[in-house]
Amino acid sequence: MRVSILGAGAIAYGLAAYLAQSGHTPTLWSPSGDRTRTLATGELLKATGDIEATVPVRIANDVKNAIDHADVVVIALPAYGHKMVMDATVPHLADGIPVIVSSHSSFGALYLSKRLAERKVRLPIVVWGTTLLTGRQLGPTEVQVTSIRQKLDVATLPFDALDQGYKLCTALFGDRFVKRDGLLAIALSNLNPQNHLGIALLNLTRMEKAERWSQGGNVTPAVGRFIEALDAERLAIAGNFGIAVRTVQEHFSLSFHVPMSTVSEMNLEMDRQGRGGFGPTTIESRYILEDVPFGLLPTAVLGKISGNPAVLHESGISILSAAYGRDLKGDNDILPGLGIEKMTKTDLEALCRKGF
């Protein structure tokens, strides 16, 4: 299949390598054009780690060129770029061409649905609970893939496109997808924001001083207990909506292949195996600048709607906003146009099933 990937970071590069190795034809589009400049000259994309491949990748010079003749479009960049890319993409999308959002944050699928409804375009929007893989770019033509997830939650908007979306994802990326009961289930299944809050908040000075530090090795028992308490808030919200979601321990076990235990012990085990990774070396990190406004804030909003206030999530937003000297909530450019905070629980549930 011809797959257009909108984005040019580590996740986009890793997806392109995966698809090309599997016999599909990926196209990369970088909104700025900077990261793909070398690949655009004909250089091959090299992947190492859990994917070992050197493959050709088509580079599009604009979003129209990226989407023309695509069988499927994948949005693969940080959440703070989703609105910009969706706004650029909407004029060129056609009926029936699926759009995959990797990974879904802050009800971006609802925003895309609203923009498409304005054009009277109907297509399935496929959303993932997190990214298919993790990794980091080693240069303009090279990516290191550090892990490929065994299981990945998937849902669609509208809900009745779920079978179609599941079959598409399986055809592209293999038998690793788990059908979830709608957009709300996905919204409450992305554990990165809560986990990154615990890791970043309690290691903030390491980030600010640009230290090189083991992430898994510094999920000490105190950090682990904080993450578990954040998880309890998320689970209570999901329960109020009648949604079954994985615990944070189940997430770590399925994603990183370690035995079930406490959050701290599971991270320390990853560190012992040499797979604990390294924490951010700057406070200008997506752990804060993406995950607070686009991850923690939506969970806090759902807490208020469900009657289960997410006190620790809300406190984390306030504490980090004070530490950064800025209103991190104000960085979210998706939620204000949706009016979710004023919706009833019933209205939100219906919108998340049908879209606009």
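The values are calculated or read from the model by the stated rules, or taken from the named source; none is laboratory data. Keep in mind that what you see is a predicted model, and the values were worked out from it rather than measured. As a convention, Cβ positions derive from the backbone with ideal geometry for all residues, glycine included, and neighbour counts pool all protein chains shown. Please note that ligands, DNA and RNA were not included when accessible areas were found on the heavy atoms of the full protein model with its side chains. Shrake-Rupley method; radii C 1.70, N 1.55, O 1.52, S 1.80 Å.
At-a-glance table
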item: Trypsin sites (Lys or Arg not before Pro) lying in DSSP loop within the stretch 192-229, provided at most 13 other Cβ fall within 10 Å; result: 209, 212
item: Phi-based couplings in Hz for the stretch 58-70 (Karplus 6.51, -1.76, 1.60; Gly and Pro marked x); result: 6, 10, 9, 8, 8, 5, 5, 5, 5, 8, 3, 6, 6
item: Filtered trypsin sites (Lys or Arg not before Pro), the stretch 150-204: DSSP coil and at most 16 other beta carbons within 10 Å; result: 151, 176
item: Helix-derived mean residue ellipticity, 222 nm - over the chain, DSSP H n ≥ 4, -39500 (n - 2.57), to 500; result: -12000 deg cm²/dmol
item: For the chain, the longest site-free run once GluC sites (Glu not before Pro) in DSSP loop states with at most 14 other Cβ atoms within 10 Å are removed; result: 53-210
item: Farthest positive-ward along the stretch 1-137 dipole, Cα basis, beta-carbon charges - from 61, 10, 91; result: 91
item: Candidates per trypsin sites (Lys or Arg not before Pro) in the stretch 20-127, loop by DSSP, up to 10 other Cβ within 10 Å; result: 120
item: Structure-derived semi-axes √(5λ) of the Cα gyration tensor in Å - corresponding label in (1) 29, 26, 19; (2) 33, 22, 20; (3) 66, 24, 16; result: (1)
item: Summed side-chain charge close to residue 353 - residues other than residue 353 whose Cβ falls under 10 Å, Lys, Arg +1, Asp, Glu -1; result: -2
item: Choice from 222, 185, 109 showing the highest fluctuation, given a GNM over the chain with Cα pairs closer than 10 Å; result: 222
item: Accessible-area value, residue 11, 1.4 Å probe, nucleic acids and ligands omitted, Å²; result: 40 Å²
item: Max mean-square fluctuation residue, GNM over the chain, Cα-Cα springs under 10 Å, options 259, 293, 193; result: 259
item: Unsatisfied cross-links (Cα-Cα over 30 Å) in the set 46/209; 114/329; 120/151; 179/345; result: 46/209; 120/151
item: Candidates 303, 165, 33, ranked by Gaussian network fluctuation over the chain, Cα under 10 Å, top entry; result: 33
item: Whole-Hz couplings from phi, Karplus 6.51/-1.76/1.60, listed for the stretch 172-180; x for Gly and Pro; result: 7, 10, x, 7, 9, 9, 10, 5, 10
item: Considering only the stretch 1-104, percent of DSSP beta bridges that pair antiparallel, nearest 5; result: 20 percent
